[in-house]
Amino acid sequence: MTATAPVLAVRDLVVDCSTTDGLAPAVNGVGFDLAGGETLAILGESGSGKSVTAQAVMGLIEPPGRVVGGAVSFNGVDLLAASDEDRRRVRGSGLAMVFQDPLSALNPVWSVGFQIGEMFRVHRGLSRKEARRRAVELLDRVRIPAAASRVGEYPHQFSGGMRQRVMIAMALALEPEVLIADEPTTALDVTIQAQILDLMRELKAGSGATIILITHDLGVVAETCDDMVVMYRGKVRETGPCAQILRHPKDRYTQQLLRSSRFEELSA
Ligand SMILES: Nc1ncnc2c1ncn2[C@@H]1O[C@H](COP(=O)(O)OP(=O)(O)OP(=O)(O)O)[C@@H](O)[C@H]1O
Ligand SMILES: [Mg+2]
């Protein structure tokens, strides 16, 4: 028996996505455990199933795609078997996600303040005024300049980097127990990347947040993450402590991936 049960346990997850030949598994037997306060990195080349894994954990696979097997257990509750109502409750304050593409996650017709505020109105029953005040606080926290005046602006009025921060603010709103960040920094310039990563470290230090970080950046993995999962074609190739895998990868694919990523970093 382990000393503490994992906060999140994913077992034998199988997710079908549509292809030109019909449905085919994009994720095929993925599993991992996430202990409280741990930061887990998910690595793997483009198309290996990292985002689909994260979306399945969040219960956000869009039809015709579907989860066809496995279990996702959050604090002992099987999310795949849970009612929509229970899943909605878990989303936000239990599990929150920063999406790879902020435009797909933000609603273009509502101001960012309204969208962040809605989290507080729906989940915490705050008044509009109080919700807006909390939204400004959060925008401030993710270092959006002039937050009090920008809170009424719409997603398209923000730059890519600022939109990403808005999304992070929204994900942080209810202080989720687990934050899933899907390549939160790839589209950003180096300075903003560093600030966003600082923010995530702050979150971890302050509230002991548990984080899944999907990234291609080995430097970030080495600096920020405890354990890692290496994926290839929808399967886990290797998993274990980052310090160990980065130094002595056992799997041939992991070895290749680390070599090519290091090469990219060196030539960047
Ligand atoms: N909505 C979707 N409909 C159909 N196929 C999808 C969908 N989303 C993902 N896929 C397919 O599932 C597989 C895994 O995709 P996924 O987006 O999880 O990769 P990834 O590891 O996140 O890649 P990247 O590093 O480029 O973000 C790919 O073959 C992709 O084409
Ligand atoms: Mg992805």
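Against the criterion of being under 26 Å from Glu202 (Cβ atoms), touching a Pro at 6+ places or on another chain (Cβ under 8 Å) and not aliphatic (A, V, I, L, M), Pro155 qualifies. I'd like the full set of residues that are closer than 25 Å to Leu23 by Cβ, charged (D, E, K, R) and not in a strand (DSSP E or B), limited to the stretch 67-86. Within the stretch 67-86, Asp84 is the sole residue that qualifies. Does any residue of the stretch 26-43 turn out to be assigned to a helix (DSSP H, G or I), more than 10 Å from ligand 1 (Cβ to nearest atom) and surrounded by fewer than 16 Cβ atoms within 10 Å (Cβ to Cβ)? No, the conditions are met nowhere in the stretch 26-43.
One residue stands out in the stretch 62-78 among those that are modelled with pLDDT of 95 or more and of a type in the set (A, V, I, L, M): the one that is most open to solvent (accessible area, probe 1.4 Å), namely Val68. From the set of residues in the stretch 44-66 that are farther than 30 Å from Gly219 by Cβ and in a loop (DSSP other than H, G, I, E, B), which is farthest from ligand 1 (Cβ to nearest atom)? Among those residues, the one meeting the criterion is Gly59. When you scan the stretch 116-138, do you find a residue that is among the aromatic types (Phe, Trp, Tyr), outside any loop (DSSP other than H, G, I, E, B) and either outside the structural domain of Glu38 (by TED's automatic domain parsing) or under 16 Å from the mean Cα position of the chain (by Cα) (or both), even just one? Taking every residue of the stretch 116-138 in turn, at least one turns out to be among the aromatic types (Phe, Trp, Tyr), outside any loop (DSSP other than H, G, I, E, B) and either outside the structural domain of Glu38 (by TED's automatic domain parsing) or under 16 Å from the mean Cα position of the chain (by Cα) (or both). Hey, does the stretch 87-100 have a residue that's over 17 Å from the mean Cα position of the chain (by Cα), within 23 Å of Leu23 (Cβ to Cβ) and in a loop (DSSP other than H, G, I, E, B)? No, the stretch 87-100 contains no residue that is over 17 Å from the mean Cα position of the chain (by Cα), within 23 Å of Leu23 (Cβ to Cβ) and in a loop (DSSP other than H, G, I, E, B).
Of all residues in the stretch 146-163, those being modelled with pLDDT under 95 and more than 16 Å from Asn107 (Cα to Cα) number 1. Looking only at the stretch 199-258, residues that are in contact with a Lys or Arg (Cβ under 8 Å, 6 or more places away or on another chain), among the hydroxyl-bearing types (Ser, Thr, Tyr) and within 23 Å of Val15 (Cα to Cα) come to 2 in all.
A quick yes/no check of all residues on (1) under 23 Å from Val122 (Cα atoms); (2) at pLDDT 75 or above:
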site	(1), (2)
Arg165	yes, yes
Met170	yes, yes
Ile180	yes, yes
Glu183	no, yes
Ala187	no, no
Val190	no, no
Ala194	no, no
Arg201	no, yes
Ala205	no, yes
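So, of the residues in the stretch 67-102 that are touching a Lys or Arg at 6+ places or on another chain (Cβ under 7 Å) and within 16 Å of ligand 1 (Cβ to nearest atom), which turns out to be farthest from Ile212 (Cα to Cα)? Out of the qualifying residues, it is Gly70.
The values are calculated or read from the model by the stated rules, or taken from the named source; none is laboratory data. Computed from a predicted structure; not experimentally measured. Note: ideal-geometry Cβ built from the backbone for every residue, glycine included; neighbour counts use all protein chains shown. Accessible surface is based on the protein model in full, side chains and every heavy atom, while ligands, DNA and RNA are left aside. Shrake-Rupley method; radii C 1.70, N 1.55, O 1.52, S 1.80 Å.
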